[in-house]
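Trainee: Structure below; questions to follow.
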Amino acid sequence: MSDLPQDVSSEGFKQGVARALADAELQRALLNVKRGFIVKRAAARAKLPEFDQLRDEARAIKDHTLAHLDLYLEAYERKVIESGGQVHFAPSAADARDIVLGLCQDAGARLVTKGKSMVSEEIGLDAHLEAAGIEVAETDLGDHILQIRGDRPSHIIAPVIHLNKEEIAEDFARAHGELPRGRPLDTVQALVTEARAVLRQKFLKADVGITGANLLIAETGSSVIVTNEGNGDLTETLPRMHIVVASIEKMVPTLEDACTILRLLARSGTGQEITTYTTFATGPARDGDPDGPRQYHVVLLDNGRSELLGGDFRDMLRCIRCGACLNHCPVYGTIGGHAYGSVYPGPMGAVLTPALVGIGRARDLPNASSFCGRCEEVCPMAIPLPALMRKWRERDFAQGGPPLGQRLALKLWAFAAKRPRLYHALTGALVPLAARLAGGKGRFRSLPFAHAWTETRDLPAPEGKTFHALYRHKPRSGTP
Amino acid sequence: MKASGQARATVLSRIRAALRLTGKQDGAREAAVEDRLNRHPRGTIPARALAGQEALLELLQTMLASQGAEVTLAATPEDALRAIAGGLRAHDIPPILRVGTDPVLEALPWETRPSLERRFGPAEPEDRAALSRAQMAAAETGTLFLVSGADNPTTLNFLPETHIVLICAGDVAGSYEEAFDRLRAIYGESTLPRTVNLISGPSRTADIEQTIVRGAHGPKRLHVVILG
């Protein structure tokens, strides 16, 4: 198990869902996400005839890598050291936090800039550094907005999808205090221009830059980041130390393997053919380089990944965090990311979060699915998400997770279903009764024990005979 | 140091336990890994990346333009310099360029444009325009490869508002894999310089209300000049 600063809980989930459904602004924003990303991904796939073939190859690359992960990690480490960098293994989130803090303190860091990194959120890195008196500046525009709001991301690639520009303007007016009051912040352009200027100062003053990694490449000892803004690049180029925090399953063997996966990543997540910037970092600045960091450190995080490797959920380790499953999920598309209460929301979060915090706390996530299967269909790494969610539900049931009422109802139904004669006797009596209770109208407009359902829709009522009864008395004419 | 050695051993042994290794397959496993690393086999290359050179140049331009870059064709080095100077003038940018020691850029006929000033070295915060050379490109998505070093310092790609990139037509490959092979030919196998930037347009963000805005943190303008 991992230690994770998450507030995943059943109570939290139910409250989060209720809040999300009642939030008209959020509903409007989610509709835009759905339309935008879904349409764009389909268009991108249509423009690349080799898409499905590449998907098969990407899956094979990851499966091969995972089956040899120990060896690829060792090869990777050798290459990083050869290029002048250092590798630090972190078995747990706490280990990773301490390693990064130690490196920052060794560097005498007072200000750290950060590129977008889900893993750094997973381990609660920012709070740990700030508690030690180090200022942390998130540089991805969405993350910067979240930071000044004290808010959490609601989507892994579009983190402030839940906010409109008026709210963001208020945040900027409040947080960028050194700028003149009453300045115009009424357009998206004005907000971006201001953020650029404010964060430029951070980029230039930072002592240490921390990024995540979309990929680690064993062949060359490289880390790869993809951005559209260029913030990751300014983060990893300007300060004197560059720290990469990446979980171990980000590994791929070669540059060619990276190419295959990169062809799928942006197309699946945002529908772009490629992100504006795809950057390969290898070691620190070399002798004669006029810019670049003098030190390069990679923190390799386990935090539950090795456990996943050995169990039923290994396929989840193929995830490249593209966001396609979130974009296509009808549940995510209705409640947004905050309701999940986890760094990782949506279908991929429904599988990964229980692995990190335990199914007991996270049971609502894999249960919040109708198994429509869209996530698996669009996943570029062919991860069988519904099947994995079902496995979690089985584990949850075996541990007595579902509420007593649910378990009892299922047990009663199972008791009858395993005894056909009892089952037929019961349905033979109940079906005509239910039909009569519906008053011959064919539907129930309200039911005392199904209030949540019948509040907004009618429940169809039986017509009066069971299927077996109807079939027994069916006229034997020539109709097959 | 002892603690870090232990951490390393812990993670690796957890992985080996998870993979249920018995030691019997060790030789085969190591051979498989070494083979893949040495041969680095290619996967499927998109058909669009396998076209002839003219089609690839066409594709590079189309992709870059659709991704927000300005693209100019220059038949000669004089034309290239004219396009560069013209681009600055058109956007009211003073004729000052931050540049590295790239020999191809050095060989442009600067003496024909004495008003164009070059400042050498890494980018400074006040620089408004920088000129780099892309040593290779992958036409498949309009992607330029810029490599760190004194020839083309990385900060030139990100600090100034305007980034001008020169690429020689002969250096335009079709696929990423082809571009990386050219990189290997220059810099060696199984190694890369500090930074390789694959750049496919000017900086942008859509974080706020899914509205696309240029110049989020990197350059607002990317001007690509294809020479030859």
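Trainee: Would you mind stating whether residue A:11 is free of Cβ contacts under 8 Å to residues at least 12 places away in the same chain and acidic (Asp, Glu)? Let's see the steps before the verdict.
Mentor: Working: free of Cβ contacts under 8 Å to residues at least 12 places away in the same chain: yes; acidic (Asp, Glu): yes.
Yes: the conditions hold for residue A:11.
Trainee: Whether any residue in the range A:348-363 is within 14 Å of another protein chain (Cβ to nearest Cβ), on the phi > 0 side of the Ramachandran plot and touching a residue at least 40 places away in the same chain (Cβ under 8 Å) is what I want to check.
Mentor: Checking the range A:348-363: not a single residue is within 14 Å of another protein chain (Cβ to nearest Cβ), on the phi > 0 side of the Ramachandran plot and touching a residue at least 40 places away in the same chain (Cβ under 8 Å).
Trainee: Let me ask something additional. Among the helices (runs of 4 or more DSSP H) confined wholly to the range A:386-480, which include 2 or more residues that are in contact with a Pro (Cβ under 9 Å, 6 or more places away or on another chain) and open to solvent by less than 60 Å² (accessible area, probe 1.4 Å)?
Mentor: Values: elements: A:404-417, A:420-437, A:451-454, A:467-472.
Once the helices (runs of 4 or more DSSP H) in the range A:386-480 are filtered for at least 2 residues that are in contact with a Pro (Cβ under 9 Å, 6 or more places away or on another chain) and open to solvent by less than 60 Å² (accessible area, probe 1.4 Å), what remains is A:420-437.
Trainee: Just for helices (runs of 4 or more DSSP H) wholly inside the range A:16-106: which have at least 2 residues that are surrounded by 19 or more Cβ atoms within 10 Å (Cβ to Cβ) and under 20 Å from the mean Cα position of the chain (by Cα)?
Mentor: Numbers: elements: A:24-47, A:51-67, A:69-82, A:93-106.
Correct list: A:24-47, A:51-67.
Trainee: Across the range B:51-94, what is the total count of residues that are at positive phi and open to solvent by less than 50 Å² (accessible area, probe 1.4 Å)?
Mentor: Here is the first cut: in the range B:51-94, the ones at positive phi are B:68, B:92.
Now restrict to residues that are open to solvent by less than 50 Å² (accessible area, probe 1.4 Å): B:68.
Qualifying residue count, the range B:51-94: 1.
Trainee: One residue is enough: does the range B:205-221 have a residue meeting the conditions open to solvent by less than 20 Å² (accessible area, probe 1.4 Å), more than 7 Å from chain A (Cβ to nearest Cβ) and of a type in the set (D, E, K, R)?
Mentor: Within the range B:205-221, the subset open to solvent by less than 20 Å² (accessible area, probe 1.4 Å) is B:205, B:207-208, B:213, B:215-219.
Now narrow it down to the ones that are more than 7 Å from chain A (Cβ to nearest Cβ): B:219.
In the following step, the residues that additionally are of a type in the set (D, E, K, R) were identified as none.
No, the range B:205-221 contains no residue that is open to solvent by less than 20 Å² (accessible area, probe 1.4 Å), more than 7 Å from chain A (Cβ to nearest Cβ) and of a type in the set (D, E, K, R).
Trainee: Would you mention how many residues in the range A:267-281 are more than 7 Å from chain B (Cβ to nearest Cβ), within 25 Å of residue A:242 (Cβ to Cβ) and open to solvent by less than 10 Å² (accessible area, probe 1.4 Å)?
Mentor: Step one: list which residues in the range A:267-281 are more than 7 Å from chain B (Cβ to nearest Cβ), which gives A:267-272, A:275.
Remaining after also requiring within 25 Å of residue A:242 (Cβ to Cβ): A:269, A:275.
Filter once more, keeping what is open to solvent by less than 10 Å² (accessible area, probe 1.4 Å): A:269.
Summing the residues that are more than 7 Å from chain B (Cβ to nearest Cβ), within 25 Å of residue A:242 (Cβ to Cβ) and open to solvent by less than 10 Å² (accessible area, probe 1.4 Å) in the range A:267-281 gives 1.
Trainee: Looking at the range A:172-193, I want the residues that are open to solvent by 80 Å² or more (accessible area, probe 1.4 Å) and have a partner that is assigned to a helix (DSSP H, G or I) with Cβ atoms under 7 Å, at least 6 apart or on another chain. Which pairs are those?
Mentor: A:184/A:190; A:186/A:169
Trainee: Kindly check whether there is at least one residue in the range A:310-321 that is open to solvent by 10 Å² or more (accessible area, probe 1.4 Å), part of a helix (DSSP H, G or I) and out of contact with any His (no Cβ under 9 Å at 6 or more places or on another chain).
Mentor: Yes, there is a match, as at least one residue in the range A:310-321 is open to solvent by 10 Å² or more (accessible area, probe 1.4 Å), part of a helix (DSSP H, G or I) and out of contact with any His (no Cβ under 9 Å at 6 or more places or on another chain).
Trainee: Also: Restricting attention to the range B:11-26, and to residues there that are open to solvent by less than 50 Å² (accessible area, probe 1.4 Å) and modelled with pLDDT of 95 or more, which single residue is farthest from residue B:190 (Cα to Cα)? Write out each step before concluding.
Mentor: So in the range B:11-26, the residues open to solvent by less than 50 Å² (accessible area, probe 1.4 Å) come out as B:11-12, B:15, B:18-19, B:21, B:23.
Remaining after also requiring modelled with pLDDT of 95 or more: B:11-12, B:15, B:18-19.
On the way: B:11: 25, B:12: 23, B:15: 25, B:18: 29, B:19: 27 Å.
Looking at the filtered set, the residue picked out is B:18.
Trainee: Within the range B:155-186, which residues are within 10 Å of chain A (Cβ to nearest Cβ), within 23 Å of residue B:106 (Cα to Cα) and either of a type in the set (Phe, Trp, Tyr) or open to solvent by 20 Å² or more (accessible area, probe 1.4 Å) (or both)?
Mentor: Correct list: B:158, B:161.
The values are calculated or read from the model by the stated rules, or taken from the named source; none is laboratory data. Not measured: the values here are computed from a predicted model. Note: ideal-geometry Cβ built from the backbone for every residue, glycine included; neighbour counts use all protein chains shown. Heavy atoms of the whole protein, side chains included, go into the accessibility calculation; ligands, DNA and RNA do not. Shrake-Rupley method; radii C 1.70, N 1.55, O 1.52, S 1.80 Å.
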